[in-house]
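Take a look at the structure set out below.
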Amino acid sequence: MSGFCQICPNHGGPDNCKYDPRDDEDESSLIVGHHEIAPRQVVSTILKPGQMVHIRRGWAYSYRVMPNGERQLGGIYSDGDILCWPNVFSSRSGCSSRAITKLDICVINIDSFTKRVRGDGRFFQFFQRLLERQFLALTDRTFDLCHRSAEQRLCRILIKACLSLCGKIGNYMEPIPITQEILADLIGATKIHVNRLLSSLRQRNVCHVSHGYLSILDWERLIETAEVTLAELDEWKDLLAPQIYPPPIQKKELDA
């Protein structure tokens, strides 16, 4: 069953999933179908009630629309992540998700997934933690909008995106596919303002945007510009790049 590194979960990536269905479980009851989603498309437009999405390939971000029209960042996601699923654990209103690049996805039946996760304490705790990360990110950005400059907010978003990516591949410096329009939405600024901020950061050798990808040029200088304390950085690492992946469930383990 290729493509479920969060359902294993497994660091081997979506092509090296170690999940083995239980004897009483039909794989087809979990996977509803496979689709491609175009860049900038809202992910939920292809879903029916009771479904969520697993990303096999591509990048997306989640957001919540506020009464004043602003969008608050929920997270930036890539291969192996799950979208459109907060109601699995909570009745709190969730986020919308939009593709950054073309997405190759699996559509998952929420009831089948919930039954599986609630039946194993390790996985239940794992997905609870993922959900809390999303809502903590929303709360943190609300504070940033009130107390930080636009440049600080931009650099903090970039640090969090890098940490989230590092949690998957172990590399802070991997280029991130993201547009100025998305960054403008995420920090609460205009696209023109973001363009000026990025130009200034490039001149100071902090980061660079080219052909739709953002590259970090100097990690330490990015942290300094964002005015992030070591305590904040450690907290973000724990939230965004945690080592909380449980070992994959194997059939022999379930039969024991």
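All but one of (1) at pLDDT 80 or above; (2) loosely packed, with under 15 Cβ neighbours inside 10 Å; (3) of a type outside the set (D, E, K, R) hold for ILE100; which doesn't?
(2)
Taking interchain pairs and intrachain pairs at least six residues apart, which have beta carbon atoms under 8 angstrom, with the first residue in the stretch 205-226 and touching a residue at least 12 places away in the same chain (Cβ under 8 Å) and at positive phi and the second surrounded by fewer than 16 Cβ atoms within 10 Å (Cβ to Cβ) and not in a strand (DSSP E or B)?
ASN205/LEU217; ASN205/ASP218
Looking at the stretch 48-67, is at least one residue modelled with pLDDT of 65 or more, over 17 Å from the mean Cα position of the chain (by Cα) and crowded, with 16+ Cβ neighbours inside 10 Å?
yes
Does ARG196 meet the test of being surrounded by 15 or more Cβ atoms within 10 Å (Cβ to Cβ), part of a helix (DSSP H, G or I) and modelled with pLDDT of 90 or more? Let's see the steps before the verdict.
Working: surrounded by 15 or more Cβ atoms within 10 Å (Cβ to Cβ): no; part of a helix (DSSP H, G or I): yes; modelled with pLDDT of 90 or more: yes.
When the stated conditions are applied, ARG196 does not pass them.
The values are calculated or read from the model by the stated rules, or taken from the named source; none is laboratory data. These numbers were taken from a predicted model, which means no experiment stands behind them. Reconstructed Cβ throughout: ideal geometry from the backbone, glycine too, with neighbour counts over all protein chains shown.
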